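What follows is one structure encoded as structure tokens, with my remarks underneath.
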Amino acid sequence: MKQNNYQSRNGVIKSVDQLNGAIMLSHGEIRRIEKITEDHPMAVTPHYLNLIVPNDPDDPIKKMAVPSFAETSLEGSFDTSGEKENTKIQGLQHKYTQTALILITNQCAMYCRHCFRKRLVGVGDEEIAQDWPAIINYIEGHEEINNVLLSGGDALTVATEELDTILSRLVRIPHLNYIRIGSRIPVVQPCRINDDDELVEVLKRHSQAKRIYVTTQFNHPLEIAPESVEAIKRLQGAGLVVNNQAVLLKDVNDDAAVLAELMTSLTRIGVVPYYLFQCRPVSRVKDAFQIPLADACDIVDQVKAKLDGLSKRFRFAMSHRTGKIEILGREGDRMFFKYHQAKDPALISKMFSREIDPHEGWLYCEDEDDEGLLPCQE
Ligand code: SF4
């Protein structure tokens, strides 16, 4: 898949030497970044670099962009939501009845250190869509699919003409109601939208045939920079609806005041606060970013107490192997859950509760083979 040329043209930082020239790194940091980037590349856009306070060791923006020591931990799994088992054709996943997910690129403008697709972003393209006739045939043959999510990698890093071709194929499928584009470009590289009239025109043209939603990911109010607000306005002006799926991240936004400001600011600029996700137990991510479920629940309760109705529309959920599980709340060690979406349709809307260890950050089954039976294991 051809990529847009903004990455090279706009001086994205990809090496430790480039980064050290921009923000002072210690010898320890340099060695660690060199080691980690052998397996998981780093890319920091100039826009995102400008959001970092260079001398602040606790800068939340830096934490999302620059590898940390905790990223050396392999605890967890590289595929926590069972993407492999839901893949029908290379690059096409069909887990939930109505939704097809297509991985259209393994490239991103920035490689977020907390990415749950760390196994593939900037690395290999073995999971990326290639056989488009087969993919279109699959969607055409499954009339229960009413929407397609273009993801990756970052779907808006794909060259405009390629995106045009993909959208042209999809908008012709009658049973699709809408198309979603998963992208952090409005956050990390808004010039891709602000400086590219052709991209906005392509999105506008196709959104007249089918509604297009952009699913983006602002995690911290400092990310809502004027350039990002402008990018959101351009997408909205083209007729697109922008939703936000934030991730709850340790030392980034695990604070009620920060999250409340994020949700309020999103609502002010017309971005729908759609989900707040519990960080998945992904290898190299879990130890760096995941907080315990009990703490997460308390933070979300505090956030909701601070917010008006529109700003607290988001669901606090976990993308589990068995489905999307809404985390409803807790009483002591007992936590309450409800399936919002499920691989097995019989589980949708099922509620269940569990005693959760106060240090535990995820729902696990005692027996791996029992994962489809989570609600029965109270
Ligand atoms: S832009 Fe999305 S896919 Fe890419 S690294 Fe960030 S979270 Fe992962």
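Quick notes on this one:
- Less than 5 angstrom separates the built amide H of V242 from those of V214, V272, all sequence-distant by 5 or more or on a different chain.
- Amide H contacts of L328 (H built 1.01 Å from N, under 5 Å, at least 5 apart or other chain): F336, F337, K338
- Comparing E331, E83, E230 in a Gaussian network model of the chain, where Cα atoms under 10 Å apart are tied by springs, the biggest mean-square fluctuation is seen for E331.
- For the stretch 293-337: rounded, prolate or oblate by the Cα gyration tensor [a/c cutoff 1.5]: oblate
- Most to least packed among 118-127, 133-142 [average Cβ atoms within 10 Å]: 118-127, 133-142
- DSSP-defined beta bridges in the chain - what % are antiparallel, rounded to 5: 45 percent
- Protection proxy ranking of 358-365, 107-114, 27-34, by the mean of other Cβ atoms within 10 Å over each peptide's residues and highest first, is 107-114, 358-365, 27-34.
- Calculated from backbone phi, Karplus (6.51, -1.76, 1.60) coupling profile of the stretch 275-291 in Hz, x at Gly/Pro: 9, 10, 9, 5, 4, 6, x, 7, 3, 6, 10, 3, 5, 7, 10, 7, 10
- Label-reachable residues, the stretch 192-233, where backbone N falls under 16 Å from a point 7 Å from K306's Cα toward its Cβ: 219-224
- Database remark: amide H of V158 closer than 5 angstrom to the amide H of N4 (H placed geometrically; neighbours at sequence offset of 5 or more, or on other chains; Pro and chain starts carry no H).
- Spin-label pair E143/D197, simplified geometry with 7 Å Cα→Cβ offset, distance in nm: 4.3 nm
- For F69 and N50, the difference between the fully extended length at 0.36 nm per residue and the C-alpha to C-alpha distance is 4.6 nm.
- Taking label points 7 Å from Cα along the Cα-to-Cβ direction, S77 and N177 give a separation of 3.1 nm.
- The chain - mean residue ellipticity at 222 nm from DSSP helices (-39,500 (n - 2.57) per run, n ≥ 4, rounded to 500): -8500 deg cm²/dmol
- Prolate/oblate/rounded label for the chain (Cα gyration tensor, a/c 1.5): rounded
- Between M64, M335, M263, the Gaussian network model of the chain with springs among Cα atoms under 10 angstrom shows the greatest mean-square fluctuation at M335.
- Here the relative contact order of the chain, from alpha carbon pairs under 8 Å that lie six or more residues apart, stands at 14 percent.
- With the simple spin-label model, which puts each label point 7 Å out from Cα in the Cβ direction, the I269 to D357 separation comes to 4.0 nm.
- Using a cutoff of 8 angstrom between alpha carbon atoms and counting only pairs six or more residues apart, the relative contact order for the stretch 229-312 works out to 36 percent.
Throughout, read-outs are computed from the coordinates displayed, never taken from laboratory work. Since we're looking at a predicted model, the values are computed, not measured. Counting neighbours? That spans all protein chains shown, and the Cβs are built from the backbone with ideal geometry, glycine included.
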